[in-house]
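> Starting off with a structure, shown below.
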Amino acid sequence: MNLSEIRVRLLGRQRDKLRAFASITIDGTLVVRDIKVIDGPKGLFVAMPSRRLQDRCPSCAGRNHLRARYCNDCGTRLEESRVAADATGRTRLYADVAHPIHQEARDTVAAAIVEAFEAELIRSKEEGYRAVTFDDLDYEAHDSEMDAD
C-alpha cells in the first residue's frame, strides 16, 4: 500500500479533542476522506470515517439512533434493551465506513497521518501560511486524463 497523498486540515482551538481532519490517497487511485485526528488521553490517534448506527421503530419503521428513547417520527417509546451490548458491555454506536483490515496497515496509516498532522502544525506557524483545502481534489485532472486515453 502506497499512501500517495495525505492532506490535513487543522481545526482552530476547540474545547473538544478533535484536532484535524485528514484525507488520504491510496496508490493514486482511492481517496478516503473524513479521517479524524483526535487528541486522546494517551496522545494523538486516528479515527477512520464512520457513520452513526441506527435502528427502526417497531411501530412506524422510522429510523432512530441507538440511544433514542422515543421514535423521531411517531413518538412511540422505544425499548432501551433493543440493542445488544458488545463484548465490553457497551453499545456500539458507530461503524467505520472505511478502515484498514490488518493492524499493520492501520498502524502504517495512523503513523503517516499523525506525521502529516505534526508537519502541518509546524507549517501553520509560518508567516503566509495557507490552510490545506479538500475542495481542489483532482476530479477535473482525472476527467481530462480519462478523455486523453
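The values are calculated or read from the model by the stated rules, or taken from the named source; none is laboratory data. Note that this is a predicted model, so its numbers are computed, not measured. In this analysis, Cβ positions are derived from the backbone assuming ideal geometry, glycine residues included, and neighbour counts consider all displayed protein chains.
> Can you find a residue in the stretch 71-90 that is of a type in the set (Val, Ile, Thr), assigned to a loop (DSSP other than H, G, I, E, B), modelled with pLDDT of 90 or more and surrounded by 10 or more Cβ atoms within 10 Å (Cβ to Cβ)? So that I can check it myself, show each step before the final result.
As a first pass, look at the stretch 71-90 and keep what is of a type in the set (Val, Ile, Thr): 76, 83, 88.
Keeping just the survivors that are assigned to a loop (DSSP other than H, G, I, E, B) gives 76, 83, 88.
With the extra rule that they be modelled with pLDDT of 90 or more, the set shrinks to 76.
Now narrow it down to the ones that are surrounded by 10 or more Cβ atoms within 10 Å (Cβ to Cβ): 76.
Within the stretch 71-90 (the criterion being of a type in the set (Val, Ile, Thr), assigned to a loop (DSSP other than H, G, I, E, B), modelled with pLDDT of 90 or more and surrounded by 10 or more Cβ atoms within 10 Å (Cβ to Cβ)), the answer is yes, since at least one residue qualifies.
> Restricted to the stretch 95-123, and to residues that are within 15 Å of the chain's Cα centre (by Cα) and loosely packed, with under 13 Cβ neighbours inside 10 Å, which residue is nearest to VAL46 (Cα to Cα)?
ASP96
> Is it the case that the stretch 68-86 has a residue that's of a type outside the set (Asp, Glu), under 30 Å from LYS125 (Cα atoms) and touching a Ser or Thr at 6+ places or on another chain (Cβ under 8 Å)?
Keep residues of the stretch 68-86 that are of a type outside the set (Asp, Glu), which gives 68-72, 74-78, 81-85.
Now restrict to residues that are under 30 Å from LYS125 (Cα atoms): none.
Checked the stretch 68-86: no residue is of a type outside the set (Asp, Glu), under 30 Å from LYS125 (Cα atoms) and touching a Ser or Thr at 6+ places or on another chain (Cβ under 8 Å).
> Is it the case that ALA98 is in a strand (DSSP E or B) and within 30 Å of ILE122 (Cβ to Cβ)?
Values: in a strand (DSSP E or B): no; within 30 Å of ILE122 (Cβ to Cβ): yes.
Answer is no for this residue.
> Something else: If we scan the stretch 29-50, do we find a residue that is of a type in the set (Ser, Thr, Tyr) and more than 30 Å from PHE134 (Cβ to Cβ)? Give the steps one after another, and end with the answer.
Of the stretch 29-50, the ones of a type in the set (Ser, Thr, Tyr) are 29, 50.
Then drop every residue that is not more than 30 Å from PHE134 (Cβ to Cβ), which leaves none.
Within the stretch 29-50 (the criterion being of a type in the set (Ser, Thr, Tyr) and more than 30 Å from PHE134 (Cβ to Cβ)), the answer is no, since none of the residues qualifies.
> Name the single residue that is nearest to THR76 (Cα to Cα) among those in the stretch 7-57 being in a strand (DSSP E or B) and among the basic types (Lys, Arg). Talk me through it step by step, then tell me what you get.
Start the filter on the stretch 7-57 by keeping residues that are in a strand (DSSP E or B), which leaves 7-10, 18-26, 30-40, 43-47, 50-52, 54-56.
Those left that are additionally among the basic types (Lys, Arg): 7, 9, 19, 33, 36, 51-52, 56.
Numbers: ARG7: 44, ARG9: 41, ARG19: 38, ARG33: 36, LYS36: 35, ARG51: 24, ARG52: 21, ARG56: 11 Å.
Among them, the one singled out is ARG56.
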